[in-house]
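The values are calculated or read from the model by the stated rules, or taken from the named source; none is laboratory data. Computed from a predicted structure; not experimentally measured. Neighbour counts are summed over all protein chains in view; Cβ atoms, including those assigned to glycine, are modelled from backbone coordinates with ideal geometry. For the accessible areas, the whole protein counts, side chains as well, though only heavy atoms, and no ligand, DNA or RNA atoms are used. Shrake-Rupley method; radii C 1.70, N 1.55, O 1.52, S 1.80 Å.
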Amino acid sequence: MSQDQPRRPEQGRATGHEPIKYGDVFNVSGDLASKPVAPQDAAMMQTAETVVFGQTQKGGPAAVMQSAAARNARAALVGRRDATDVTVDQGVTVTETDIPGQRIITESVAGQLSFHLSTPPVQQAAPVGALEQSGITIGEAVEAAAQTVGDKPVDQGDAAAIQAAEVRATGSNVISPGGLAASAQSAAAHNEGVDRDEDKIRLGAVLTGATDKLPADKVATRQDAEGVASAELRNNPDLATQPDGVAASVAAAARLNEAVNPRDKIVWRGGSVATFGVFPSFLGSGAA
């Protein structure tokens, strides 16, 4: 097995005037190396990893980027909705390639290799009809948020975002009893009456298996992302969306879908390659 691991952010960085930069955590050069790791960059990589592998990879680029971006945001060196300009322009790439006797995983940021892993192939059965998709669906994006903010207690902003996502995925304003949106609304109402944080219902409990809880689904678009973000904003007292939450995940999925060349294929787990390219900036993300 060969592996090129990203470096974890050093303790104590991003506490003064210097943010954690890409060059601090990845073996990259040029303009990218001097750029701070931004929250929306991490969200894009988290969504890409979740789509290809079914979850974010422990110690992988998405986890490292999330840790670095969180420290930069806590130190107020980047905004929670910021994206790095070169990442917006050139995107992130996650590729899983199966060749005889070998499984190769590569992940890149703005065209520069940040992670490479070569292992024996993994034997796994792909669901019938799930090998080729035209893009990432709203349900898949919402389910991906369970990996990034699964420990967060459900609040009214989350419930509103989940309801908006369900409405857009199904094309119906009717909320199914016991469905995804209904479960989120029930969880948010329960949490409002609970004082102890440990007794509150978490997003992971609501979002896990989201695609199976939706009666219908569709590929996420820019308009879907804007609708979900608007619903979350209207129901959040701080008038802000949750970093790496439901709205952010749908936005990242929409960016990925816009980036895929129509001639390309998105091939899921057990397949050959998943490639994502240019990500246009939208939903008000700033460029660092």
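Within segment 56-69, residues that are polar (S, T, N, Q) reach partners that are crowded, with 24+ Cβ neighbours inside 10 Å and not in a helix (DSSP H, G or I) with beta carbons closer than 8 Å, at six or more positions or on different chains, in the pairs GLN66/ASP244.
Out of GLU232, GLU226, GLU192, which single residue is among the charged types (D, E, K, R) and either modelled with pLDDT under 90 or open to solvent by less than 40 Å² (accessible area, probe 1.4 Å) (or both)?
Details: GLU226 fails: either modelled with pLDDT under 90 or open to solvent by less than 40 Å² (accessible area, probe 1.4 Å) (or both); GLU192 fails: either modelled with pLDDT under 90 or open to solvent by less than 40 Å² (accessible area, probe 1.4 Å) (or both).
Only one candidate qualifies: GLU232.
Quick one: which helices (runs of 4 or more DSSP H) sit completely within segment 20-93 and have at least 3 residues that are in contact with a helix residue (DSSP H, G or I) (Cβ under 9 Å, 6 or more places away or on another chain) and at pLDDT below 90? By residue number, 39-53, 61-74, 85-90.
Given the condition hydroxyl-bearing (Ser, Thr, Tyr), in contact (Cβ under 8 Å) with a residue 24 or more places away in the chain and part of a helix (DSSP H, G or I), answer yes or no: does some residue in segment 219-233 qualify? Yes, there is a match, as at least one residue in segment 219-233 is hydroxyl-bearing (Ser, Thr, Tyr), in contact (Cβ under 8 Å) with a residue 24 or more places away in the chain and part of a helix (DSSP H, G or I).
Quickly run through segment 99-111 and pick out the residues that are buried (at least 17 other Cβ atoms within 10 Å of the Cβ) and either farther than 19 Å from SER29 by Cα or aromatic (Phe, Trp, Tyr) (or both).
Quick first cut of segment 99-111, residues buried (at least 17 other Cβ atoms within 10 Å of the Cβ) only: 105-110.
Scanning segment 99-111 gives a single hit, ILE105.
This table checks each residue for (1) of a type outside the set (A, V, I, L, M, F, W, C); (2) closer than 18 Å to ILE136 by Cα.
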{"site": "ALA182", "(1), (2)": "no, no"}
{"site": "HIS190", "(1), (2)": "yes, no"}
{"site": "ASP199", "(1), (2)": "yes, no"}
{"site": "ASP212", "(1), (2)": "yes, yes"}
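When segment 188-218 is examined, which residues are found to be more than 22 Å from GLN55 (Cβ to Cβ) and part of a helix (DSSP H, G or I)? Within segment 188-218, ALA188, ALA189, HIS190, ASN191, GLU192, ASP197, GLU198, ASP199 qualify. Looking only at residues in segment 142-151 that are closer than 15 Å to ALA165 by Cβ and either among the acidic types (Asp, Glu) or modelled with pLDDT of 90 or more (or both), the one that is surrounded by the most Cβ atoms within 10 Å (Cβ to Cβ) is VAL142.
Which residues, taken from segment 235-254, are at positive phi and surrounded by fewer than 24 Cβ atoms within 10 Å (Cβ to Cβ)?
Within segment 235-254, the subset at positive phi is 239, 244.
Answer for segment 235-254, where residues must be at positive phi and surrounded by fewer than 24 Cβ atoms within 10 Å (Cβ to Cβ): just LEU239.
For segment 152-184, filtering for residues that are part of a helix (DSSP H, G or I), open to solvent by 10 Å² or more (accessible area, probe 1.4 Å) and not hydrophobic (A, V, I, L, M, F, W, C) leaves 5.
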